[in-house]
1. Only residues of the range 478-518 count here: report those whose backbone N is under 14 Å from the spot 7 Å along Cα→Cβ of residue 411, or say none.
2. Is there a quick way to get the dipole size of the range 446-566? I mean about its Cα centre, with the Cβ of Lys and Arg at +1 and of Asp and Glu at -1; what is the value in debye to the nearest 20?
3. List, in the order given, every pair from 288/361; 236/256; 50/178; 285/340; 41/183 whose Cα-Cα distance in the structure shown is over 19 Å.
4. Can you compute the modelled spin-label distance between residue 479 and residue 202, with each label point 7 Å from Cα toward Cβ, in nm?
5. Simple spin-label model, 7 Å along Cα-to-Cβ: residue 148 to residue 180 in nm?
6. Taking only the alpha carbons of the range 366-509, what extent do you get along each of the three principal axes, in Å, biggest first?
7. Please name whichever of 414, 494, 517 sits farthest to the positive end of the charge dipole of the chain, dipole taken about the Cα centre and charges placed at Cβ: Lys and Arg +1, Asp and Glu -1.
8. When all alpha-carbon pairs of the range 88-199 are counted, what percent fall beyond 16 Å?
Amino acid sequence: MKKALKISIGILLVSVSFFSNSQSIVTTKHNLSVSGTGSVKAVTESEICKFCHTPHMGSPAAPLWNRTISGASYTLYNSSTMNAIPGQPDGSSILCLSCHDGTIALGSIMSSVTPIAMTGTMQRGNLTTDLSNDHPISFVYNASLASTDGQLKTPPLSTIPLDNNSRVQCTSCHDSHKNLYTKFLRASNESSAFCFLCHDRTYWASSTHSSSTSTWNGTGTNPWGHMEFPYSNVSKNACENCHAPHNAQGKNRLLKSITEEGNCLDCHNGNVAASTKNLVNQFAKTYKHNVAGYINIHDPNESNSVTTQHVECVDCHNAHASNATTASAPNINGSMIGVKGINQSGVAITSANYEYEICYKCHAGNTWSPASATSRVISQNNVRLEFATTNPSGHPVAGARNISEITTNLISPNTASTVIYCTACHASDGASSPAGPHGSIYPQILKLQYLKNDGASSANGTTESASAYALCYSCHNRANIINNVSTFPEHKLHIVDQRTPCNTCHDPHGISSTQGTSANNSNLINFRSGVVTPAGTLLRFVDTGVRHGYCQLVCHGQTHAASMFY
């Protein structure tokens, strides 16, 4: 009887191979017999099916299983963004794990007292009993889950079989008998087509990561080294540019790297993304958003107003959404689309409409928000308040200021009604650098030089030049300023003759209407304390009209009194 059975099985396998050799288990790694093509296989055993199945006394009976269930307790996948509820592996998954958790020898089968002698060691396929870094299994996937999650497709699902209890199992993704698409997947995952049979990511279709044909140039770390069978470019690798469905280093959300920025910078280092998007060079600069300084702090579900100090790439960029489209200030550019923010009213919003709304998540008065780099008469660390359009003065970030008197002080195409981005001033330095405030050689991540030496630490102050105040002069007309054609007719005296920097008198963000007035704080006037001191009890500027006003204070030993009009 046994001999006849062996002959029958042999005939069946030959028949399958004859009609479709590519679909036969014979040619896959799951052929663990001596004829197997993989590195892990039997030393002498020639039968193929017996490694998993037995014609009699199978356990459980339905698949005629020939292996003992390990009985291990598994550490399950967990994530703050997961709405499904995984349980201990059951159904077909527990059968797969009898080989893939490493607790039972591959050659140990129920129908034989003596284990089959094997050669080779399972590596990528050894999931261990820690499944916290693997795609979750043994959870119910139904219409309710899809609705709650919002980015899952509603079952029934094409090509993705659920078990009789509507659970996702290993066999939902893998067909152990066929390996037509690598990794025993049920369909091709080129461009993550297989992932998208279940997942339905907002923005993905229009994102750069879904369309980029960029390839790895072979230098440095292979960004797709975590993949057993990588595709040739970013678009084709799609989800797996960042995610690893099994044995992921970054367990939450199955990221390939445990450091958040590691999932971005192995492409954005000039070896895959264009050289103009080489961010590694920017983060090596002295002044930067220090993404390498934090780990495992950012969470996609954290409050829009960030309560725990950190910065990661994903605080400003949504990898599923980011694209190369451009907009006009203050509207969001494609590189920052799909990111949470805080609007000008202080209300949390799911997807920022304006660039400054993303900046407000960290720079709008949180307990750890960076204070002003300059000590001033009016102190403020909430830029949302500084940029309010109702303020006595401020740079036009949240909206146009429409102050006609400053028109002569602006370089075309800027006008009195121009609106600018935060990144008009805060951005990586260098003409060919990536857009955005990644890193700079200048303090406060300024894109151009802005010297602030006011004489307090140097007897000579700052010598005025086009380069000394390059940031200011990128919008404001230097010739008009130093020739007293601008709003203030004493600029030359102050910044050229007295070497007093712009920063001594002007607060570059603005002055909140909750702290200042149009009479005392127009034209960004908010004096630098320590350099500018009271004249008696008074320390103020008084605006008495266009090109008219006076100061009451002491600056560099010079007393300014109400009689000193301009």
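1. Backbone N within reach: 478-482.
2. 140 debye
3. 285/340
4. In this crude label model, residue 479 to residue 202 measures out at 5.0 nm.
5. A separation of 3.4 nm, rounded to one decimal place.
6. Computed over the Cα atoms, the extents are 39, 37, 36 Å.
7. 414
8. Pairs farther apart than 16 Å: 66 percent.
Since every read-out is calculated from the coordinates, none of them should be taken as a lab result. Quick caveat, the model's predicted, so the values are computed rather than measured. Ideal geometry is used to build each Cβ from the backbone, glycine not excepted, and the neighbour counts take in all protein chains shown.
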